[in-house]
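The values are calculated or read from the model by the stated rules, or taken from the named source; none is laboratory data. This structure is a prediction, so every number in the text was calculated from the model and none was measured. All Cβ positions, glycine included, derive from the backbone under ideal geometry; neighbour counts span all protein chains shown. Surface areas here come from the heavy atoms of the whole protein model, side chains and all, with no ligands, DNA or RNA. Shrake-Rupley method; radii C 1.70, N 1.55, O 1.52, S 1.80 Å.
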Amino acid sequence: MGELLSNFFSSLFSFDQTHPLLFTQFYFWAFFAIVFAGFCIFKNKMLLRNSFLFFVSLFFYYKTSGLFVILLLFVVLYNWLAGKWMFRTKRLGWQYFILVLSLVVDLSALVYYKYAYFLIDVVNNIFGTEFIVRDVIAGFGNSLVGQTRFSVDSIFLPVGISFFTFQAISYMMDLWRKRIEPVKNVLDFGFYLTFFPQLVAGPIVRAKEFIPQLHKPFFLSKHQFGLAVFWILNGLAKKIILSDYLASNFIDRVFENPLLYTGFENLFALFAYSLQVYADFSGYTDIATGVAMLMGFYLPKNFNSPYKAKNAGEFWKRWHISLSKWLQDYLYISMGGNRNATVGTWICIFSIAAIGSILSGSWIVAAAVLGIALIVFIYAKAVPSNRKEIVADVNRLNTMLLGGIWHGSSWNFMIWGELNGIGMLIYRFWNSRSIYMKTFVICAITGAFYMLGVCFPAPVFNMFFVWTLLIAAGTVIRCAYSLIGGKGEWKKLSTVWAVAQTFTFITFTRLFFRSGSNLDPAEANEVAWNTAKNMVGQIGGHWDVSIIPQILYQYRGVAIMFVLGMIIHWLPDNFKRRYRIWFTRMPVPVIVLIEAIAVFIIYQFITADLQTFIYFQF
């Protein structure tokens, strides 16, 4: 009996890297039940409540990332002290120095763990050296304990490091901008920075939004209880029924070796991945929202049916909203926004040129980036009427490129970010043109891709020809309608068409996002690029249309799940709001019964090996 208890407590308080604590595990819900019971004891004693949640959040992070909890504690302590130091210092120059120092300290850890492989490659390429990546932190830990306990051969990315780093930066920036006052108690600040529902995958909680909640008395109405339960069930269903099912039964297989599958299967896997990554990430957010709400805390909305967007710019107002707003507030505006180009703008341009040159191994890339930037700014100076719009577009493109690099230091993430930025700029150009100009331009582009495919046969030209041909067909129909005197707008049809085109564009960019994910940083560039190239080759190659019905029948479960998922996603917002309200108005015993039945059904779809949330790696 004693040995059994010893083994139980040993497993309870030990960290297993292969089995991190996930929302989809029963172990997490046992953990949360204990936490909630303790929370109920302290719920109206603010300091005790916040301290309790701070320490259980540290335990949660330890069970997710092991000894990286020490790094999290350092970020908490440093930023709390730096915030107090900044507030007490009256001289503006010293405040600015403290802010810059804090940014350097916070970003240093992020850069070390996330970009060490990239930076070593830079040094090796420039100086012809053969340095290898070693985990110096693990080496220091081994020297402290006097034995080889930690591996130093590779660097593991701490789960959620981007999210708690960005929250720490937002705290320091908001102090600098006089939007908030510093948190007086380190335990309160620790709770803000480590709150376990959103700690490892967001949403990014801004200091000015969450800190006021630290001292509000606990309140949970029946409506809020029902809504919290709804969000938890909704998130579990998205993650387990949609995301994990699509990934394990189809998507992962295709991306593992695209050449084994037909062009249709590759294209279907790409569209299915768009649904998978949404269901996975928004599912996590839904669960986090529900868990936080049960304890009386409210997290910012992170998703708003993003695949209903009618253009790329609107998509980024609906997708990962907390990150988009963070980038807009602390990066885009800091670069000058739509006002002017600043030193930050040029630093970003030079950084992007350098990164592009290093990743490609050619100085021509850097020269091209800098040359294009110089031409753009010369044009902006020569045409003052367009200067403001041009500068805003450059800053937007910089923001999206850096947002792509934030996800990882590979060509694929850089291309993904750049494509999203270009998509925004193209829409701004396209939307301001007449239907006749649009028709001429898209027909010319379609013809150009056709000629390229004839003169220089390549799958990528075939793929773009088919895509632009579909866009051209819709544009020609609309132009013909205008020419025959059509006055009314086909508003609903136009919306459907715009949503379909935006979804297709975003899905295409996902090719580069997915190819760069789940990879060892040491081999990410080569493997990711080959995966993307092979998928484009299959999608743009020869298709045997006659076998498509057979493929759909073979993967009928995946196809049905994909169609149902997209239908649910595209349901009107008012309809979704009504059934949420209907759920919250039911008696509590009925809610609990439905919850039990829903959990039973959801877990019938669970795979043998639970998949981690996609954004844990970022």
Next on the checklist: Under 24 Å between alpha carbons, and skipping anything fewer than 8 positions from LYS114 in its own chain: which lysines qualify?
Outcome noted: LYS63, LYS325
Next on the checklist: Students sometimes get this wrong: rank CYS455, CYS348 by accessible area, probe 1.4 Å, all chains present, largest first.
Outcome noted: CYS455, CYS348
Checklist entry - Can you pull the percent of Cα pairs in region 204-363 with separation above 28 Å? => result 46
Next on the checklist: Around GLU265, under 14 Å between beta carbons, what's the net of Lys plus Arg minus Asp minus Glu among the other residues?
Outcome noted: -1
Item to check | Value of D in µm² per second that Stokes-Einstein yields for region 182-224, Kirkwood Rh from Cα pairs, at 10 °C (1.306 mPa s) | outcome: 136
Item to check | Peptides 413-422, 99-108, 383-392, 299-308 ordered by average Cβ neighbours within 10 Å, highest first | outcome: 413-422, 299-308, 99-108, 383-392
Checklist outcome for this item: Projecting the Cα atoms of PHE87, VAL75, LEU47 onto the charge dipole of region 16-102, where Lys and Arg contribute +1 and Asp and Glu -1 at Cβ, the residue farthest towards the positive end is PHE87
Item to check | Accessible area of the chain divided out per residue, in Å², using a probe of 1.4 angstrom | outcome: 49
Item to check | Kirkwood-type radius of region 13-106, with distances r between different C-alpha atoms, in Å | outcome: 15.8
Checklist entry - Tell me, what is the Rg over Rh of the chain, with Rh the Kirkwood radius over Cα pairs? => result 0.97
Checklist entry - With respect to the cross-link table entries LYS43/LYS576; LYS43/LYS222; LYS184/LYS317, which display a Cα-Cα separation exceeding 22 Å? => result LYS43/LYS576; LYS184/LYS317
Next on the checklist: Suppose every Lys and Arg Cβ carries +1 and every Asp and Glu Cβ carries -1, with no other charges. What dipole size does the chain come out with about its Cα centre, to the nearest 20 debye?
Outcome noted: 2860
Item to check | Percent of C-alpha pairs per 5 Å bin, region 157-201, short to long | outcome: 5, 22, 26, 26, 15, 6, 1
Checklist entry - When ranked by the protection proxy of mean other Cβ atoms within 10 Å per residue, highest first, what sequence do the peptides 62-74, 184-196 form? => result 184-196, 62-74
Next on the checklist: Relative contact order of the chain, please, whole-number percent, based on alpha carbon pairs below 8 angstrom and at least 6 residues apart.
Outcome noted: 17
Checklist outcome for this item: Counting Lys and Arg as +1 and Asp and Glu as -1 over every other residue whose Cβ sits under 13 Å from the Cβ of THR502, the net charge comes to +4
Checklist outcome for this item: Rounded to a whole %, the carbon-and-sulfur portion of the accessible area of region 209-286 at a 1.4 Å probe is 64
